[in-house]
Structure formats: C-alpha cells, structure tokens
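Just so it is clear, none of the values below were taken in a lab; they were calculated from the coordinates. The structure presented is a predicted model; accordingly, all values stated were derived computationally and were not measured. Every residue, glycine as well, gets a Cβ built from its backbone with ideal geometry; the counts of neighbours run over all protein chains shown.
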Amino acid sequence: PAMMENSVIYEVNIRQNSPEGTFAAFSKDLPRLKELGVKVIWVMPIHPIGVKSRKEGLGSYYSIQDYKGVNKEFGTLEDFKAMVKAAHQNGIYVIMDWVANHTAWDHAWVTAHPEYYTKDKDGKMISPFDWTDVVELDFDNKDMRKAMIADMEYWLKEADVDGFRCDVAGEVPVDFWDAAAKDLNNVKPVFMLAEAEKPELMKNAFDMAYGWESHHIMNDIAQGKKTVKDWDTYMATKDSLWEKDDFTMYFTSNHDENSWNGTEYERMGDAAETFTALTFMVPGMPLIYNGQEYDFKKRLKFFVKDQLTKEKGKMYPVYEKLGALKNNNPALNGGKDAASYKRIATSADAAMLAFEREKGSDKVTFIANLTKVPQVFTVPVEGTFTNYMTGEKVTLTKGQKHNLAPWQYWILTK
C-alpha cells in the first residue's frame, strides 16, 4: 500500500515513554506523532514479562510469559485496543513486536509442552546466546509452529493490529515466517518488519528489513573510521543482493542502540542531524525512536522504570520538516515502488555524498559533507533550487566551487 512509500515509522517504548508508562498516556501523543509524518507505530512487546530468571527489577520486554496476555504495568487489553483504535483514527498503522525465537522460563508451554523447546545433549532446555532469562523454542516442532501462528492471529482479530516487527527474525527458519505471513494475510493484510538483514526473509514473508549495516556505516563515518566510499559500496551491494521490491528501515537509534551503545549524540556527535536527514532521503523508511524528536541525550534503562523528558528543542522542527517532505514528495518514495536513487559524482567523493531521488516529475537532490572538516568541491548540479530546510533560494552554476561546513547538508527541491 501507499503507506510503505511515504511513511515515517516510530518506535514506542511504552514503559519509558511517559511518567505513567501506559497505553493510555501514549495515546495522547498520537496527534503529535501525526505532525511528524508518522504513519506506522512499532510498539515494543506488550506481553507479561517472565518472573523466573528475570533480569533486574521489571525484566526484559523480550522475555514473554504469555503471547496472548497484556503486561498490567501498561494497562489492560481494552486500553491497548483503544490505543490501536486511536492510532487508526489518526491514519497511523500499529505493528506489534513479536518474539518468536524464545519465551520466558515460566511461559505455560515450558511445563505443558516441553517438546516445544530446544534441548541440549542431556535433554535440558537451553537459553539462546547469553540471554539467561529466556528459553529457546524448537521450530522443528510442527505443533509449536501452529500454536505460535494462532497466537499471532489472535492480535489481528482481537485488537486489529496491522502487522509485526519480528525480533531476531534471522534466528527463526524462513519457512516458518513464510507460513505465518501467508496465514496472517488471510486474516487481514499485514505489514511485516524483520529485525534482520537477510534477503531470503524478504522473498515471501517480510516487507521491510532492518538497516543494521547502514547504521554501523553511519556510526563509523561519524567517528572518522569510514568514508563516503563505504556508503557507496553498501548502496551498490543492495542493488545486487536484494530484489527490487525489498526495502529497508534506516535509523540513527533504536531501543537496543540507545540502551547498550549510547544515544545518537554519543555515537555520532555533531553528525547526528546530518545522518538523521540521510535516513529520510535514501530509499526506505526512516525510524524515530521515542525521545529522538526531543533531543533526548540519555541512555534509557532497560530493565527498570526510567523516563523521557519531552521538551521541544533543535530536532523537533527538523523531524517535522523531514517528515512533511517524506510524506508529500513522491521523489522520496521508499517502499515497493521506490523513487530512483542516482549517485552524483563530486570532486571530493570520499568526503561528499551527493545523490538525486526522482519519481515522475518530482526530484530531490541531497548533498552533504560527511566529514568533520570544511569541504570545497564541485558537483555537476545546475539551476535554481529551494534549500528545503532553510527555505532560501540557491543557484548552482556549472563548475562553481561550493563550500560546506563540517557535517553540513543541503536538501534541494524545485
């Protein structure tokens, strides 16, 4: 659908989003998110959290005790349904975070259906990786697969959610996701986001992949460890490895990055706004993690109650402007019918990223200095444009030398 082309996606961490940490409190934010161009909300897991082997005070959202339950911390099933309904009234889709790879140690299946779980050589259930608060499911078990898909369908029927963001999707067999997506789409059309960057997941099951690789490249360019050449290589490999209707979610932060690796300001410093703009300009869908629109510069605690501060600063109008352009200019279409992406060569291609997006008669040009030093360069772009972020008129002539300050960027529109 059209929403895939021109949407901004917003990740909400219900626990930390407000002092109350509830669905009802978050629902009040929906009209404001619409102002930012948000058309999809990804809600982090809403289920009851396992108590057995729990990490710290309130535990990890990703340790699921009951796939059909609602964490009382956030409210009731009725509160969640009211939030989904309010989102729909604001023209916003809602996708749920779904943790298929593992459950909490006190999920009912552990005792009722031990055959649903992976065992070691001694017949003991195991945790994936070092995630000691969860136990790994065995996807060789057909009955477990059926039960899992039935639990996913429950949320489409009961709460009218619009799809799923699937946690560690690459750890779960592709044929499970293919079967799940087919069954879910028979209930209603669903939007599927994979927390993975594997082309095979995109063939049938998933609409959108995580842009982990691009995220790490952006961090490394900001820290001087990589250059624009690495970005160009990444974009070229996308053309060869991915099918035309596969697309990517781009981000400068998310719940994992914020809590474990630091805010975008810790990782990107003065380049944070520039890379935010880039996530909106490339073909794909840009993500806002709650708090980014408020210049929030703190690592949110993961296992205990914490809180955002919501004061509009520098980034709110930036997100508002970028969101409006993404929503309204087809040259930024980024879904299954994406606008073209054409790299423009500059005289300083290791430092300068320039490209053009085009769809029909619409065209947007992005030119950015992706270094911490001023750049003097030429670029074969001519004409009179509007510098979209400032509203000023800009005239570029053939052979003209341009100066961009460290991390300065232009978004040029006609």
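Worth pointing out:
- Listed values for the range 82-97 are Karplus-derived 3J(HN,Hα) couplings in whole Hz (6.51 cos²θ - 1.76 cosθ + 1.60, θ = phi - 60°), namely 5, 5, 4, 4, 5, 4, 4, 5, 9, x, 10, 7, 10, 10, 9, 6, and x replaces Gly and Pro.
- Two-site FRET efficiency, Lys124 against Asn387, from Cβ-Cβ distance with R₀ of 60 Å, rounded to 0.05: 0.45
- Across the range 258-272, coupling constants 3J(HN,Hα) worked out from phi with the 6.51/-1.76/1.60 Karplus curve, θ = phi - 60°, read 4, 6, 9, 10, x, 5, 4, 6, 5, 7, 10, x, 5, 8, 4 Hz, and Gly and Pro carry x.
- Computed on the Cα trace of the range 352-413, the radius of gyration divided by the Kirkwood hydrodynamic radius gives Rg/Rh = 0.95.
- Loop-resident sites, the range 64-113, for trypsin sites (Lys or Arg not before Pro), counting at most 15 other Cβ within 10 Å (DSSP): Lys68, Lys72
- Placing +1 on the Cβ of every Lys and Arg and -1 on the Cβ of every Asp and Glu, with nothing else charged, gives the chain a dipole about its Cα centre of roughly 1240 debye.
- Under the simplified labelling scheme, the Thr233-His216 pair shows an inter-label distance of 1.2 nm, with each label point 7 Å from Cα along Cα→Cβ.
- Calculated mean residue ellipticity at 222 nm for the chain: -9000 deg cm²/dmol, from DSSP H runs with n ≥ 4 weighted as -39500 (n - 2.57), summed, divided by the residue count and rounded to 500.
- With each label modelled as a point 7 angstrom along the Cα→C-beta vector, the Thr413-Asn141 pair spans 5.3 nm.
- If R0 equals 45 Å, the separation of the Cβ atoms of Asp160 and Ile344 corresponds to a calculated FRET efficiency of about 0.55.
- Positive minus negative residues near Ile149 (Lys, Arg vs Asp, Glu; Cβ under 13 Å): 0
- Bridge orientation summary for the chain: considering DSSP beta bridges with both residues in this region, about 55 percent are antiparallel.
- Pairs of Cα atoms nearer than 8 Å and 6+ residues apart set the relative contact order; for the range 1-154 it is 22 percent.
- Euclidean distance of C-alpha centroids, the range 328-400 and the range 27-78, integer Å: 39
- Neighbours of Lys321 by Cβ distance under 13 Å: Lys/Arg scored +1, Asp/Glu scored -1, total -2.
- Separation of the Glu320 and Ala24 label points, Cα + 7 Å toward Cβ, nm: 3.0
- Dipole axis of the range 2-338 (+1 Lys, Arg; -1 Asp, Glu on Cβ), positive-most option in Gly21, Ile217, His113: Gly21
- Distance from the alpha carbon centroid of the range 225-279 to that of the range 154-222 works out to 18 angstrom.
- Environment charge of Asn6, counting only residues whose C-beta is closer than 10 Å and scoring Lys/Arg +1, Asp/Glu -1: +1
- A cut-off of 5 Å between modelled amide H atoms, ignoring neighbours fewer than 5 places along the same chain, links Ser18 with Leu308.
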